[in-house]
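One structure is given here, and the rest of the page talks about it.
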Amino acid sequence: MEYIIETKRLSKSFGKERAVNSINMRIRQGEIYGFLGPNGAGKTTTIRMLLGLMKASSGSIQIFGKDITKNKLEILRDIGSLVENPSYYPHLTAYENLEVIRKVINVPKERIDEVLDIVRLTDVKRKKVKGFSLGMKQRLGIAAALLHQPKLLILDEPTNGLDPAGIIEIRELIKSLPSRYGMTVLISSHLLSEIDQMATSVGVVSKGELVFQDSIGQMRQIAKAKIIIQCSDAMQASQLLKGIEIPLEVEEDSIHLLEPTNECVANVVSTLVHKGHQVYRVQEVKRSLEEIFLQMTEKGQRR
Amino acid sequence: MITQLLSAEWLKIKRKGLWFLALLGPVGVVALQMVNYGVRKDYLLSQSDDDWSYYLSNVAGFTPLALVLGLVILTSFMASIENETNAWKQWIALPISKMSVYVSKFVIVAILLFVSSCILAILTLLYGKTLGLGENIPWLQLLSNSFYPYLACLALVGLHLWFAVIIPNQGVTISIGIMGVIICMMSYYLPDWVIWKWPTLINDWNNPLINVVIGVGTAIILLVIGMWDFNRRDVA
């Protein structure tokens with residue numbers, strides 16, 4: 001079994017609208033897979049199909065090497081999930097909420113206290129969830145997902161609506177899961193910075209299509225730095241550089257080298273200096289992941 | 001699996017006043033007779049030679065209405081407890097079959113109504129005794145008056161649980177239920193096939209057992225249909 005999750009041409013249509021289009025998702029054991037895309041891109045629909053909440057219109061899903069349509073319950077036994085907003089029974093206490101779930105998944109009672117401790121809700125376990133803050137409800141949702149010590153954790157926008165402190169707390173918790181419990185985590189978000197800080201690999205979805213899927217390192221690689229050269233009369237300078245045949249952009253007072261190798265930069269600078277241009281500044285600028293994300297999703301939208 | 005599910009469902013309805021509701025129904029039905037007999041006992045006793053039987057038939061007049069109203073509220077409740085924070089998605093993503101989830105909801109409602117029917121039988125007996133209707137208690141009629149409507153209304157439990165689960169707006173399901181109660185009140189004038197008529201035990205053959213058999217049979221069919229449909233649907 002090479003992949004924990006492997007989907008093949010997974011699609012879902014609602015009437016004429018195609019919410020998920022031919023997604024081939026691959027998640028390896030021990031990864032924190034960031035599932036990234038703007039709202040309405042198809043993340044939640046994909047996750048619902050992975051959890052067997054929705055049936056795929058076409059394509060297949062293999063989890064732990066088994067087909068979900070044939071082995072749904074067996075697969076779900078090893079998955080913990082939190083889909084979108086946390087679900088809970090407001091009139092029950094935190095402890096009772098977990099007890100409801102515990103009753104059907106056959107784990108010892110002590111496990112409830114363990115997970116409450118992990119998400120730091122032990123102090124309020126006898127309080128009704130009705131009065132909890134959103135962050136506490138979200139943490140309770142994560143506790144519920146961890147209750148049966150799943151091998152795979154699927155979290156859909158787990159930091160939605162949390163304050164910065166809550167986000168950091170959840171992030172640290174999620175990051176620790178693969179090493180502490182050997183879990184594989186699939187986490188969706190519409191925030192790139194979020195995924196950048198947690199994930200080890202990334203899938204980017206836009207308009208129902210997976211437009212990128214690779215390691216987070218690969219994703220950062222795409223965000224190659226560019227060199228900005230500020231000089232006197234950038235327009236004229238750029239004319240000079242046409243002879244060297246390197247990809248560049250020209251702005252009012254600067255030239256942007258898009259694929260700057262060392263030789264290329266050296267070449268450009270020496271050319272400019274020899275032709276009498278004044279070079280004020282040569283600086284490296286990293287493209288933010290936001291820019292790359294936008295570029296990818298735009299590509300997806302143009303298709 | 002199903003016993004674990006039932007135990008979880010019992011915990012879910014904690015503090016929701018469902019047991020109180022199960023008690024309220026039979027208390028209400030007998031309380032109406034307390035008013036009835038309290039106001040005009042002498043007149044009522046003069047209406048028949050068999051005072052017990054007459055009393056029991058008076059109680060039975062309101063039993064179907066209370067049952068239908070009760071089952072509408074209970075089934076709707078069983079769905080809305082999940083709808084409230086869309087807990088369906090969490091519940092269904094657990095390693096439990098959707099069909100058994102549906103069955104567990106049905107069983108909870110059936111048990112609550114059964115308890116109501118037991119309480120009804122006890123209260124009917126106790127109040128009847130205080131009325132001094134004689135020593136000859138018609139046990140069979142007492143039990144059939146208390147439990148036949150229950151069995152006949154199980155078909156409606158199947159129907160309403162299905163409505164409650166597939167219609168997200170519980171206002172709609174409750175409205176359908178209220179309509180059912182009204183239909184039930186007019187059932188004397190309706191044909192035998194009308195499902196809301198069954199708990200009244202009225203039929204052309206004058207044999208209440210027919211309603212019981214049809215009620216239970218249809219309950220099984222509607223339960224299976226509801227289960228199949230629930231299993232087929234995507235969880236939003």
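Of all residues in segment A:82-98, how many are touching a residue at least 40 places away in the same chain (Cβ under 8 Å) and charged (D, E, K, R)? If you could, list the steps in order and put the result at the bottom.
Residues of segment A:82-98 that are touching a residue at least 40 places away in the same chain (Cβ under 8 Å), as a first pass: A:82-90, A:94, A:97-98.
Pick out the ones that are also charged (D, E, K, R) and you get A:84.
Total satisfying the criteria: 1.
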Point to revise | Enumeration of residues in segment B:1-48 that are more than 14 Å from chain A (Cβ to nearest Cβ), more than 21 Å from residue B:123 (Cβ to Cβ) and in a helix (DSSP H, G or I) | key: B:42, B:43
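Could you tell me whether any residue of segment B:75-82 is small (Gly, Ala, Ser) and within 9 Å of another protein chain (Cβ to nearest Cβ)?
So the first thing to find is which residues in segment B:75-82 are small (Gly, Ala, Ser), and the list is B:76, B:79-80.
Narrowing further to those that are within 9 Å of another protein chain (Cβ to nearest Cβ): none.
Within segment B:75-82 (the criterion being small (Gly, Ala, Ser) and within 9 Å of another protein chain (Cβ to nearest Cβ)), the answer is no, since none of the residues qualifies.
Working carefully through the options A:15, A:34, A:52, find the one that is surrounded by fewer than 21 Cβ atoms within 10 Å (Cβ to Cβ) and either assigned by TED's automatic domain parsing to the domain that holds residue A:212 or under 29 Å from residue B:99 (Cβ atoms) (or both). Spell out the reasoning first.
On the way: A:34 fails: surrounded by fewer than 21 Cβ atoms within 10 Å (Cβ to Cβ); A:52 fails: surrounded by fewer than 21 Cβ atoms within 10 Å (Cβ to Cβ).
Exactly one of A:15, A:34, A:52 is surrounded by fewer than 21 Cβ atoms within 10 Å (Cβ to Cβ) and either assigned by TED's automatic domain parsing to the domain that holds residue A:212 or under 29 Å from residue B:99 (Cβ atoms) (or both), namely A:15.
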Check your understanding: Could you say whether any residue in segment A:155-168 is under 22 Å from residue A:78 (Cβ atoms), aliphatic (A, V, I, L, M), within 18 Å of the chain's Cα centre (by Cα) and within 14 Å of chain B (Cβ to nearest Cβ)?
Key -> yes
Check your understanding: Taking only pairs six or more apart or across chains, which ones have beta-carbon atoms under 8 Å, a first residue in segment A:65-81 that is facing chain B (nearest Cβ under 8 Å) and free of Cβ contacts under 8 Å to residues at least 12 places away in the same chain, and a second residue that is buried (at least 16 other Cβ atoms within 10 Å of the Cβ) and outside any strand (DSSP E or B)?
Key -> A:73/B:95; A:73/B:96; A:73/B:97; A:74/B:95
**Study point:** segment A:215-253 - residue that is within 30 Å of residue A:196 (Cα to Cα) and among the basic types (Lys, Arg) and, of those, surrounded by the fewest Cβ atoms within 10 Å (Cβ to Cβ)
**Key:** A:224
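On the basis of being over 30 Å from residue A:18 (Cβ atoms), of a type in the set (Ser, Thr, Tyr) and in the same structural domain as residue A:86 (by TED's automatic domain parsing), does residue A:179 make the cut? Even if it seems obvious, please write down each step before you answer.
Working: over 30 Å from residue A:18 (Cβ atoms): yes; of a type in the set (Ser, Thr, Tyr): yes; in the same structural domain as residue A:86 (by TED's automatic domain parsing): yes.
It is true that residue A:179 is over 30 Å from residue A:18 (Cβ atoms), of a type in the set (Ser, Thr, Tyr) and in the same structural domain as residue A:86 (by TED's automatic domain parsing).
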Exercise for review: Return yes when residue B:72 is under 23 Å from the mean Cα position of the chain (by Cα), closer than 25 Å to residue A:101 by Cα, β-branched (Val, Ile, Thr) and not in a loop (DSSP other than H, G, I, E, B) and no when it is not.
Suggested key: no
Exercise for review: Residue by residue through segment A:113-146, note down the ones that are more than 26 Å from the chain's Cα centre (by Cα), of a type in the set (A, V, I, L, M, F, W, C) and within 10 Å of chain B (Cβ to nearest Cβ).
Suggested key: A:129
Practice item. Name every residue in segment A:107-123 that is under 22 Å from residue A:78 (Cβ atoms), outside any helix (DSSP H, G or I) and among the basic types (Lys, Arg), in order of residue number. Key: A:109
Practice item. Select from segment B:77-92 the residues that are under 13 Å from residue A:101 (Cα atoms) and hydroxyl-bearing (Ser, Thr, Tyr) and list them in ascending order. Key: none
Study note, to complete from the structure: Filter segment A:29-60 for residues that are within 14 Å of chain B (Cβ to nearest Cβ) and not in a helix (DSSP H, G or I); the one that is farthest from residue B:231 (Cα to Cα) is A:57
Check your understanding: Taking segment B:201-221 as the region of interest, how many residues are over 17 Å from residue B:159 (Cα atoms) and surrounded by 14 or more Cβ atoms within 10 Å (Cβ to Cβ)?
Key -> 6
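With respect to residue B:187, is the statement that it is farther than 19 Å from residue B:103 by Cβ, more than 15 Å from the chain's Cα centre (by Cα) and surrounded by 14 or more Cβ atoms within 10 Å (Cβ to Cβ) true?
yes
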Check your understanding: Among the listed residues A:110, A:96, which satisfies the condition of being away from chain B (no Cβ under 14 Å) and more than 25 Å from residue A:189 (Cα to Cα)?
Key -> A:110
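Give the residue that is nearest to the other protein chains (Cβ to nearest Cβ), with candidates limited to residues of segment B:194-213 that are more than 16 Å from residue B:68 (Cβ to Cβ) and assigned to a helix (DSSP H, G or I). Reasoning before the result, please.
Looking only at segment B:194-213, we keep the residues that are more than 16 Å from residue B:68 (Cβ to Cβ), and these are B:203-210, B:213.
Then drop every residue that is not assigned to a helix (DSSP H, G or I), which leaves B:208-210, B:213.
Numbers: B:208: 39, B:209: 38, B:210: 39, B:213: 34 Å.
Selected residue: B:213.
Is it the case, given these coordinates, that residue B:134 is out of contact with any strand residue (DSSP E or B) (no Cβ under 8 Å at 6 or more places or on another chain) and either within 14 Å of chain A (Cβ to nearest Cβ) or free of Cβ contacts under 8 Å to residues at least 60 places away in the same chain (or both)?
Spelling it out, it is not the case that residue B:134 is out of contact with any strand residue (DSSP E or B) (no Cβ under 8 Å at 6 or more places or on another chain) and either within 14 Å of chain A (Cβ to nearest Cβ) or free of Cβ contacts under 8 Å to residues at least 60 places away in the same chain (or both).
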**Study point:** Test: residue in segment A:85-99 that is crowded, with 21+ Cβ neighbours inside 10 Å and β-branched (Val, Ile, Thr)
**Key:** no
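The values are calculated or read from the model by the stated rules, or taken from the named source; none is laboratory data. This one's a predicted model, so the numbers in the text were calculated from it and none came from an experiment. Using ideal geometry, Cβ is built from the backbone for each residue, glycine included, and neighbour counts are taken over all protein chains shown.
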